[in-house]
Amino acid sequence: MKGFDVTVKDVSRAYGAFKALDNVSIEIKKGEFFSLLGPSGCGKTTLLRIIAGFDSPDVGSVLLDGRNIIPLPPDKRQVNTVFQNYALFPHLSVYENVAFPLRLKHIPETKLDTKVRDYLHLVQLDAHLDKKPSMLSGGQKQRVAIARALINEPNVLLLDEPLSALDAKLRQNLLVELDHLHDQIGITFIYVTHDQSEALSVSDRIAVMNQGVVLQVGSPYEIYESPATDFVARFIGETNLFPAVVTKCEAYDKYFMTTLEIPELQAEIKVTDYDELKQGQQVSFTVRPEKLKITGHKPSRVGKDINLFSGVVEEPIYSGFQTKYYVRLDNGTVVKVQMQHTNYMDEGPDIEWKDQVYVSWSAEDGYIVEVIDK
Amino acid sequence: MMDPRESRGRRLGVTYAAPMGLWLTLFFLVPLLIIVMYSFLKKGLYGGVEWEFTLSAYQQMFNPNFMRVLLRTLWVAFISTVITIFLALPCGYAMARSKHQTLWLGMVIIPFWTNSLIRVYAWIAILSSEGFLNEALKAIGLIKESLPLIYNQGAVVTVLIYMYIPFAILPLFTTIDKFDFGLLEAARDLGATKPQAILKVLIPNIRSGIITAVIFTFIPIFGAYAVPLLVGGKDSYMIGNIIVDQVTKTRNWPLASAFSLIITLLSTLGVVWMMTASARESARSKTAPQVVDANGGVV
Ligand SMILES: Nc1ncnc2c1ncn2[C@@H]1O[C@H](COP(=O)(O)OP(=O)(O)OP(=O)(O)O)[C@@H](O)[C@H]1O
Ligand SMILES: [Mg+2]
């Protein structure tokens, strides 16, 4: 693996009394595609600017391959940035924008020319060398910014929401290209986004941030399937989340089968967990809409580990490959259920508005989050 | 057939432009034509002109004394403009980046509320041999004898810079204010030092502001007459002074007109040259990679 590892150690940055970053520590591995994910204003750009050298932390350090880079100015760090608004030089052509870092280093003309053309080829801009940035489309601008950031052969590439200004379709394509590019050059990518699906689809690991704090660092799978806090559960994808109290916890196979009392559902449900929990403990319970099964008839056999509720379809939302149902359970609580349309033959009769339905899920598909007072 | 809407739009446009056109004709074009005319007429005995065509004003102009003044005027205007721009650039930059823009703008504009002659007299009070500056330097013991700070070329340049620096700061401030400072960060990120980022990214992007500032300072300085008269010495005479002398003392109106025409002509040529130079520059930076294309043979 090429590239450097990046260690952010106890970094805090305050603007007046407002803490933009609060004791942030992250370890990013060599060559990793690492995402910083969080809602707008959570401090992602602030952290990126500190790594790039445009801002310095009040306390804490940033290590690049083990070396503290806080004292270095931005031009002396082997880090390059693709800016949120691209920051292309409007007075220079595409070619000269990409050549800019090389001209600063007085690279001989022939060598410079070859290299600039190589990098513009890499991002498929061979046909637009002479255009000024104002003549380019959003996607093309973004590619110029990437070529320009890569031509210095940095060890770490920082990308600040590089796709946020583009439309959904183009975003998907460019995301895939970005992923290919990462595989091709193999340096460390630190990718900032507030779009969870973007982060989930390309990252090796993700750090989820909120209000200047890192809530969880993990693989997309870990982040999605075992969110560390309520916030992570809600922010990553959709979910059903309820406060709950542990009533019983007993060994079950390799895990523990936990029974939770959920006041909102006025019921007890079962969920498996790796940790043994104490009776009376306050927790949150979450189950993703796609893990819920919706049927028009009562399932004939209900296993010991199945949670079953009945209710009425309040609102079906059809979106092609799937339908989302808002189901009002008998006790009045609304849950979200998602059904994938893979194959209509297996699905049975359509479920429609006001239909009486049954909602069920297995204990293994639910998840206990944020174990308060451990 | 012309779209009736379009022809109506055009007629409206003419209507809107009429007051402006009238204004320009009355107060710019007509006086200019009078000056052109006078410069080709014979000098009247007590001022004014006699209606007789002659080139004598132009012949008198090519006199080594006058030429010296013309060259000096060009030189003073040039050097004052260069220094003004160099001082105004960091000022405009600091103002654009400051949180208190209105405050700074006010500070730049407030001096205009005082008559410019009074401000020149203030400078006399500062620079003269018993002025504030000399007395202050004596008081702190840096000098014993007064320095010759006034009635020389240095005083003229200093006061001219003082008078016209707001005209440079304002256009520079407005263009720098529109500049995206993120571009400087991008330049730093790509390996440029601070001065490199300023030189290679800021300056080319605020070129229009620099050109405006140069025009706004060079042209009035080129025609200055009060400042050299009041704080200059014998060798500080500028074309403006010659014109005033020709009108009020020597009463040679045709010669005054000829000099006025020269000022107008040189200034216009200067402006046109700068504008085309900037247009050429931007055209060149656009075609530069194409030259490389021809050599490289790719694309
Ligand atoms: N120069 C500044 N002065 C004061 N507050 C600032 C400054 N820069 C950022 N902030 C604040 O710090 C917080 C974090 O800002 P930051 O730009 O890092 O957010 P972000 O996560 O990148 O958001 P987005 O997704 O909208 O880009 C915000 O609440 C912002 O208002
Ligand atoms: Mg941001």
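The values are calculated or read from the model by the stated rules, or taken from the named source; none is laboratory data. None of these values were measured; they are calculated from a predicted model. With ideal geometry, Cβ positions are generated from the backbone for all residues, glycine too; neighbour counts draw on all protein chains shown. SASA here: full protein model, heavy atoms, side chains in, ligands and nucleic acids out. Shrake-Rupley method; radii C 1.70, N 1.55, O 1.52, S 1.80 Å.
Counting only protein heavy atoms and a 1.4 Å probe, tell me what percentage of chain B's accessible area is made up of carbon and sulfur. Carbon plus sulfur share of accessible area: 71 percent. A simple count of charges around A:Ser226, restricted to other residues whose Cβ falls under 15 Å of its Cβ and scoring Lys, Arg +1 and Asp, Glu -1, yields -4. Accessible area buried by the pairing of B and A, both sides summed with a 1.4 Å probe, works out to roughly 2500 Å². For the protein assembly as shown, what class follows from the C-alpha gyration tensor (a ≥ b ≥ c being the square roots of its eigenvalues): rounded when a/c is under 1.5, otherwise prolate if a/b is larger than b/c, else oblate? Taking the square roots of the gyration eigenvalues as a ≥ b ≥ c, the protein assembly as shown is prolate.
Projecting label points 7 angstrom from Cα along Cα→Cβ for B:Asp177 and A:Glu264 puts them 5.1 nm apart. Projected label points at B:Ala94 and A:Glu315, each 7 Å from Cα along the beta carbon direction, are separated by 5.8 nanometres. In chain A the longest region clear of chymotrypsin sites (Phe, Trp or Tyr not before Pro) that are loop-assigned by DSSP and have at most 14 other C-beta atoms within 10 Å covers A:1-273. Between A:Glu352 and A:His121, the modelled label-to-label distance comes to 6.1 nm, taking each label 7 Å out from Cα in the direction of the beta carbon. Phi angles of the range A:274-284 translate, via the Karplus equation with coefficients 6.51, -1.76, 1.60 and θ = phi - 60°, into HN-Hα couplings of 6, 9, 8, 10, 8, 5, x, 6, 8, 9, 10 Hz per residue; Gly and Pro are given as x. Nearest 500 deg cm²/dmol is fine: what mean residue ellipticity at 222 nm does chain A get from its DSSP H runs of n ≥ 4 alone, each adding -39,500 (n - 2.57), divided by its residue count? The per-residue figure over chain A is -7000 deg cm²/dmol. Rounded, prolate or oblate: which fits chain B, taking a ≥ b ≥ c as square roots of the Cα gyration tensor eigenvalues, rounded meaning a/c under 1.5, else prolate when a/b beats b/c? It comes out oblate by the Cα gyration axes. A straight line joining the Cα centroids of the range A:255-301 and the range A:193-251 runs 18 Å.
Here B:Lys194 is the anchor, and the aspartates and glutamates within straight C-alpha reach of less than 20 Å, apart from those fewer than 8 places off in the same chain, are A:Asp55, A:Asp75, A:Glu96, B:Asp177, B:Asp180, B:Glu185. Applying 1/(1 + (r/R0)^6) with R0 = 25 Å to the Cβ-Cβ distance of B:Ile109 and B:Leu87 gives a FRET efficiency near 0.90. Over all other residues within a Cβ to Cβ distance under 13 Å of B:Arg188, the charged ones net out to +1, with Lys and Arg as +1 and Asp and Glu as -1.
Assign one of three labels to the range B:80-237, namely rounded, prolate or oblate, based on the Cα gyration tensor with a ≥ b ≥ c the square roots of its eigenvalues; rounded applies when a/c is under 1.5, prolate when it is not and a/b is larger than b/c, and oblate otherwise.
Here the range B:80-237 falls in the prolate category.
Shielding value for A:108-116 is 2, the average number of Cβ atoms from other chains within 10 Å of each residue's Cβ. Scanning chain B for trypsin sites (Lys or Arg not before Pro) lying in DSSP loops with no more than 12 further Cβ atoms inside 10 Å, the longest uninterrupted stretch between such sites is B:145-248. Compared with the direct C-alpha span, the chain from A:Tyr255 to A:Gln211 gains 12.5 nm at full extension, assuming 0.36 nm per residue.
The calculated 222 nm mean residue ellipticity attributable to helices in chain B amounts to -23500 deg cm²/dmol, summing -39500 (n - 2.57) over DSSP H runs of n ≥ 4 and dividing by all residues. Compared with its chain on its own, the range B:158-202 contains the following residues whose accessible area drops by 40 Å² or more in the full protein assembly (probe 1.4 Å; ligands, DNA and RNA excluded): B:Leu183, B:Glu185, B:Ala186, B:Arg188, B:Asp189, B:Leu190, B:Lys200. At what distance in angstrom do the alpha carbon centres of the range B:238-266 and the range A:36-115 lie from each other? Each part reduced to its Cα centre gives a spacing of 58 Å. Computed with a 1.4 Å probe over protein heavy atoms only, the accessible surface of the range B:80-237 comes to 51 Å² per residue. Cross-link partners of A:Lys336 among lysines, defined as those whose alpha carbon lies under 21 angstrom from its own and excluding same-chain residues fewer than eight positions apart: A:Lys270, A:Lys291, A:Lys293, A:Lys298, A:Lys324, A:Lys354. Too long at a 30 Å Cα-Cα cut-off: which of A:Lys105/A:Lys169; A:Lys105/A:Lys132; A:Lys29/A:Lys76? Check vs 30 Å cut-off fails for A:Lys105/A:Lys169.
The trypsin sites (Lys or Arg not before Pro) of the range A:167-276 meeting both criteria, a DSSP state outside H, G, I, E and B (loop) and at most 13 other C-beta atoms within 10 angstrom of the site's C-beta, are A:Lys254. Using 0.36 nm per residue and subtracting the Cα-Cα separation, the extra length available between A:Leu72 and A:Tyr326 on full extension is 86.0 nm.
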